[in-house]
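**Q** First the structure, then my questions, so here it is.
The values are calculated or read from the model by the stated rules, or taken from the named source; none is laboratory data. What you see is a predicted model; the values in this text were computed from it and never measured. Cβ coordinates were reconstructed from backbone atoms using ideal geometry, including for glycine residues, and neighbour counts include every protein chain displayed. Heads up: the accessible areas ignore ligands, DNA and RNA and are worked out on the full protein's heavy atoms, side chains in. Shrake-Rupley method; radii C 1.70, N 1.55, O 1.52, S 1.80 Å.
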Amino acid sequence: MSAAAVEGSAVRSLRRNDLPELLRQIHDPPRTLFLRGSASADVLEQAAVAIVGARACSPYGSQVARMLGRELAAAGLVIISGLARGVDGEAHRGALEADGITVAVLGCGIDRDYPAAHAELARRICERGLIVSEYEAGVEPAPWRFPARNRIIAGLAAATVIVEARERSGALITADFALEDGREVFAVPGEITSTLATGTNRLLGQGATPLTSADDVLELFGLAASQRPTPRIGANAASVVERLTEGAASADELARATGLEPGPLAAALAELELAGLATEADGRYRGVI
């Protein structure tokens, strides 16, 4: 077991006949599924949605993945993803922020936290959910194993959401597996000039369901969004939020739109970030959806 594995999360396994029903239904179910984490295997029988996308995602893709993970988990869905950088990691983090359950599917041995940069995230997942793999301890990561693991990501979920994907993307492989299994596929629309939207926009052209909010997924499961209390903010912060509803903006753009001087604007932005109502990346601020 790697040093990243949490205490009390010894590896267990499920044989093919004991796999969750949805996973048994796929074309090539794993012979064995290894499990690590504090949750019971019953978690894999609960209503679940997979959220996957680009590793090198945009700030927008990161925000959307985290929002979907948070809001879908808060409504009671299990979030399935692949522990990869980018969209996968943000989906897991969003679920954890909602005190929800998330399951990470590895493309390597069950004793590995891959990538190593996500060891702490893996530890947090194990505290509430599961890490699973069809590979026993000691199996090294290999490029061909990751497309194979994508069938398990799709197979554990009744629906798959693609947040951002280039033309040739592992996320599109997951979408193909979901479609082959007769599962619902959602795609987040993207800018037609962005290479990160090439794959998702192509999916939409092929009949995937457009995703414009978490409600689109929740409707499929007959669920309603969990209502979060709205933080109380000052007048300056409120004027900044109003501008951010129109889209991302730099500090200079926000100053021009709101008429705020640098000091009050910086204070308003800090207030919004502390309240979880805005995020900053690459010098641009976005309102949290």
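**Q** Please go through the range 252-280 and give me each residue that is touching a residue at least 24 places away in the same chain (Cβ under 8 Å), open to solvent by 40 Å² or more (accessible area, probe 1.4 Å) and either closer than 25 Å to Gly61 by Cβ or in contact with a Lys or Arg (Cβ under 6 Å, 6 or more places away or on another chain) (or both), ordered by number.
**A** Across the range 252-280, the qualifying residues are Leu277, Thr279.
**Q** Something else: Please work out which one of (1) part of a helix (DSSP H, G or I); (2) in contact (Cβ under 8 Å) with a residue 40 or more places away in the chain; (3) more than 23 Å from Ala157 (Cβ to Cβ) is the condition Arg243 fails and give its number.
**A** (2) is the only condition that Arg243 fails.
**Q** What about Arg243, is it closer than 24 Å to Glu71 by Cα and among the basic types (Lys, Arg)?
**A** Criteria met by Arg243.
**Q** Here is a follow-up. Select, from Gly37, Gly61, the only residue that is modelled with pLDDT of 95 or more and either aromatic (Phe, Trp, Tyr) or crowded, with 21+ Cβ neighbours inside 10 Å (or both).
**A** Details: Gly61 fails: modelled with pLDDT of 95 or more.
From the options Gly37, Gly61, the qualifying one is Gly37.
**Q** Another question, then. Among the residues of the range 202-233, which ones are aliphatic (A, V, I, L, M), assigned to a loop (DSSP other than H, G, I, E, B) and over 16 Å from the mean Cα position of the chain (by Cα)?
**A** Answer for the range 202-233, where residues must be aliphatic (A, V, I, L, M), assigned to a loop (DSSP other than H, G, I, E, B) and over 16 Å from the mean Cα position of the chain (by Cα): Ala208, Leu223, Ala224, Ala225, Ile233.
**Q** Just one of (1) at pLDDT 85 or above; (2) of a type outside the set (A, V, I, L, M); (3) surrounded by 14 or more Cβ atoms within 10 Å (Cβ to Cβ); (4) out of contact with any Pro (no Cβ under 8 Å at 6 or more places or on another chain) trips up Ser226, so point out which.
**A** So Ser226 meets the others, but not (1).
**Q** Of all residues being in contact with an Asp or Glu (Cβ under 8 Å, 6 or more places away or on another chain) and open to solvent by less than 10 Å² (accessible area, probe 1.4 Å) in the range 74-103, which is farthest from Gly222 (Cα to Cα)? Just the residue, please.
**A** Leu83
**Q** Please go through the range 44-58 and pick out each residue that is buried (at least 21 other Cβ atoms within 10 Å of the Cβ) and out of contact with any Asp or Glu (no Cβ under 8 Å at 6 or more places or on another chain).
**A** Across the range 44-58, the qualifying residues are Leu44, Ala48, Val49, Ala50.
**Q** Pick from Arg112, Arg70: which is of a type in the set (D, E, K, R), assigned to a helix (DSSP H, G or I) and open to solvent by 10 Å² or more (accessible area, probe 1.4 Å)?
**A** Arg70
**Q** Taking Gly199, is it within 17 Å of Phe186 (Cβ to Cβ), touching a helix residue (DSSP H, G or I) at 6+ places or on another chain (Cβ under 6 Å) and either open to solvent by less than 70 Å² (accessible area, probe 1.4 Å) or outside any loop (DSSP other than H, G, I, E, B) (or both)?
**A** yes
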